[in-house]
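Inspection log for the structure reproduced underneath, given as structure tokens.
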Amino acid sequence: MSARYAIYFAPAAGSPWWQFGAHWLGRDEAKDRALRQPELTYLKPDVLHRLTSSPRRYGFHATLKAPFGLAAGCTVVQLQSRLNMLARTLRPVALGPLQAATLGDFVALVPTQTTDGLMQLAAACVRDLDDLRRPLDADDLARRKPESMDPRALELLHQYGYPHVMERFQFHFSLTGPVSAESAQSVLHEVQDRVAHLNATDPLRLDRLCLFVEPGHGQAFTRMADVELQA
């Protein structure tokens with residue numbers, strides 16, 4: 001399988017939000033190296049490491065355009081050029097306070113309010129770069145389990161390669177993979193004070209588009225480039 005690329009938002013490397021997220025997951029996604037995870041009250045180190053194994057592979061991020069293969073004839077240089085062009089048309093978005101919440105069977109950080117500006121920015125990332133995306137093949141579609149989707153999700157999947165876009169988009173930073181209800185509550189207790197402190201001292205803005213790459217199937221995603229929003 002060839003490389004896949006994704007457009008994510010990740011806080012500036014070294015910033016307080018990045019320090020929190022990268023150490024929580026135990027990985028520096030730019031240098032692709034392990035980081036020491038925090039010592040917690042409610043979760044033992046081996047439990048935290050296990051609960052964060054799935055998001056660790058992707059790095060601390062919020063998805064704007066989900067992982068995709070490049071269309072025939074398209075190069076990563078072209079993708080980077082188009083990403084630079086798109087960033088020149090987009091304004092930074094204040095995310096407002098974030099809170100930890102359960103989304104389905106995992107825990108994530110989400111904005112307490114989702115603004116029109118955030119929805120419009122995410123839609124532009126999906127729509128304006130979609131001609132560079134390789135169409136899904138039969139195996140790609142099967143992995144998405146289309147039989148479990150409603151008609152609108154299926155429509156979005158076939159149009160954009162991913163069902164959680166446009167009005168179905170939900171901005172979030174994953175903190176765990178699938179967890180039990182009990183483990184989810186432990187995670188919520190562990191992060192709530194840390195997140196409240198970051199909200200108070202360093203309000204987060206979506207100020208960049210980040211290009212990530214998965215070099216091969218199942219490999220860890222690494223952060224290739226940041227492009228600051230310039231409109």
For the stretch 107-145 the number of residues that are more than 26 Å from Thr176 (Cβ to Cβ), surrounded by 13 or more Cβ atoms within 10 Å (Cβ to Cβ) and charged (D, E, K, R) is 5
Restricting the stretch 11-41 to residues that are farther than 25 Å from Thr201 by Cα and in a loop (DSSP other than H, G, I, E, B), the one most open to solvent (accessible area, probe 1.4 Å) turns out to be Lys31
All conditions in (1) open to solvent by 70 Å² or more (accessible area, probe 1.4 Å); (2) over 16 Å from the mean Cα position of the chain (by Cα); (3) in contact (Cβ under 8 Å) with a residue 40 or more places away in the chain; (4) closer than 30 Å to Val191 by Cα are true of Thr89 except (4)
Over the stretch 71-86, the set of residues assigned to a helix (DSSP H, G or I), open to solvent by less than 70 Å² (accessible area, probe 1.4 Å) and in contact (Cβ under 8 Å) with a residue 12 or more places away in the chain is Val76, Leu79, Gln80, Arg82, Leu83, Asn84, Leu86
Checked pairs for the stretch 190-209, first in contact (Cβ under 8 Å) with a residue 12 or more places away in the chain and of a type in the set (Val, Ile, Thr), second surrounded by 13 or more Cβ atoms within 10 Å (Cβ to Cβ) and not in a helix (DSSP H, G or I), C-beta under 7 Å and 6 or more apart or across chains, list as Val191/Ala100; Val191/Leu175; Val195/Leu98; Val195/Gln99; Val195/Ala100; Val195/Leu109
Restricting the stretch 45-70 to residues that are among the small types (Gly, Ala, Ser) and open to solvent by 20 Å² or more (accessible area, probe 1.4 Å), the one farthest from Leu141 (Cα to Cα) turns out to be Ser53
Test result for Arg168, without any contact (Cβ under 8 Å) to a residue 24 or more places away in the chain and within 30 Å of Asp140 (Cβ to Cβ) = yes
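Working carefully through the options Arg33, Arg50, find the one that is of a type in the set (D, E, K, R) and closer than 21 Å to Ser183 by Cβ.
Working: Arg33 fails: closer than 21 Å to Ser183 by Cβ.
That would be Arg50, the only listed residue that is of a type in the set (D, E, K, R) and closer than 21 Å to Ser183 by Cβ.
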Subset of the stretch 205-223, residues modelled with pLDDT under 95 and either open to solvent by 60 Å² or more (accessible area, probe 1.4 Å) or over 21 Å from Thr63 (Cα atoms) (or both), comes to His217
Matching residues in the stretch 111-144 (in a helix (DSSP H, G or I), over 22 Å from Leu95 (Cα atoms), touching a residue at least 60 places away in the same chain (Cβ under 8 Å) and among the hydrophobic types (A, V, I, L, M, F, W, C)) number 1
Determine whether Arg82 is of a type outside the set (S, T, N, Q), under 14 Å from the mean Cα position of the chain (by Cα) and within 25 Å of Leu136 (Cβ to Cβ). no
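Here's the yes/no breakdown for (1) of a type outside the set (Asp, Glu); (2) farther than 30 Å from Arg50 by Cβ; (3) at pLDDT below 95; (4) open to solvent by 70 Å² or more (accessible area, probe 1.4 Å):
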| site | (1), (2), (3), (4) |
| --- | --- |
| Glu147 | no, no, yes, yes |
| Leu156 | yes, yes, no, no |
| Phe169 | yes, no, no, no |
| Pro178 | yes, no, no, yes |
| Ser183 | yes, no, no, no |
| Ser186 | yes, no, no, no |
| Pro203 | yes, yes, no, yes |
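The values are calculated or read from the model by the stated rules, or taken from the named source; none is laboratory data. Not measured: the values here are computed from a predicted model. Every residue, glycine among them, receives a Cβ derived from its backbone with ideal geometry; neighbour counts consider all protein chains shown. Ligands, DNA and RNA are excluded from the accessible area calculation, which covers all protein heavy atoms including side chains. Shrake-Rupley method; radii C 1.70, N 1.55, O 1.52, S 1.80 Å.
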